[in-house]
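S.K.: For reference, the structure I am asking about is given below.
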Amino acid sequence: MCFVDLEKAFDRVPRGVLWGVLREYGVPGPLIRAVRSLYDRCQSLVRIAGSKSHSFPVGVGLRQGCPLSLMDRISRCHGVEGVRFGDLRIGSLLFADDVVLLASSARDLQRSLDRFAAACEAAGMKISTSKSEAMVLNRKKVECLLRVKEEILPQVEEFKYLGVLFMSEGRMEQEINRRIHSGEERAEPKGEALDLLVDLRFYPHLWS
């Protein structure tokens, strides 16, 4: 597994490339023009110690959290079969700017990462090598040296993805215990009395 972090994922998206991808995916022209209208003539300013700068145009990037994304298009470029789950072959997991690349061998994972990095670069985006990490799901320790260009990604024993803790050994006990503990904390009484007035005449079956 390779957990990929993209530098300034929303700020770097080239809008022209995004409009082209929407057309490629068959989005109708009127809808594309409606979306473009949200970004045309977009301006920003800088505030420092209460003082504001003059407005300046912004021609690249998306608003933080915008559901528009190039990730689906980019993910189709890595061309590796991925891993098998039942009848499915899954090569990547995508959620907003959180990306996980999957492969059954270090060689395939490196090839997937190379193609993914090239597709990102072509789209004006860049992988953060300091925040991206590799992990091998295996009961035994297996080395997996992944590179982005000449930089080696750190290999970790655990990683939290979308709130779920993944362990290299494939065990889930720590994650299960964490959730149980979290549930117990929420269920603990806060020391406040709760008074409820219930007319028992409406519930005679409880006392029969």
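S.K.: Please indicate, with yes or no, whether at least one residue in region 134-143 is within 27 Å of residue 60 (Cβ to Cβ), touching a residue at least 12 places away in the same chain (Cβ under 8 Å), in the same structural domain as residue 17 (by the TED database) and part of a loop (DSSP other than H, G, I, E, B).
M.R.: Our first condition is that a residue be within 27 Å of residue 60 (Cβ to Cβ); within region 134-143, this holds for none.
Scanning region 134-143, I find no residue that is within 27 Å of residue 60 (Cβ to Cβ), touching a residue at least 12 places away in the same chain (Cβ under 8 Å), in the same structural domain as residue 17 (by the TED database) and part of a loop (DSSP other than H, G, I, E, B), so the answer is no.
S.K.: In region 23-44, how many residues are assigned to a loop (DSSP other than H, G, I, E, B) and more than 18 Å from residue 10 (Cβ to Cβ)?
M.R.: 5
S.K.: When the residues of region 104-133 are filtered to those that are in contact (Cβ under 8 Å) with a residue 60 or more places away in the chain and under 21 Å from residue 83 (Cα atoms), which remaining residue is surrounded by the fewest Cβ atoms within 10 Å (Cβ to Cβ)?
M.R.: This residue is 133.
S.K.: Right, here's the next one. Somewhere in region 126-139, is a residue under 19 Å from residue 7 (Cβ atoms), more than 19 Å from the chain's Cα centre (by Cα), among the aliphatic types (A, V, I, L, M) and modelled with pLDDT of 80 or more?
M.R.: Filtering region 126-139 down to residues under 19 Å from residue 7 (Cβ atoms) leaves 126-134.
Imposing the further condition that a residue be more than 19 Å from the chain's Cα centre (by Cα) reduces the set to none.
No, region 126-139 contains no residue that is under 19 Å from residue 7 (Cβ atoms), more than 19 Å from the chain's Cα centre (by Cα), among the aliphatic types (A, V, I, L, M) and modelled with pLDDT of 80 or more.
The values are calculated or read from the model by the stated rules, or taken from the named source; none is laboratory data. All of these numbers come straight from a predicted model, not from anything done at the bench. No Cβ is skipped: glycine too gets one built from the backbone with ideal geometry, and neighbour counts run over all protein chains shown.
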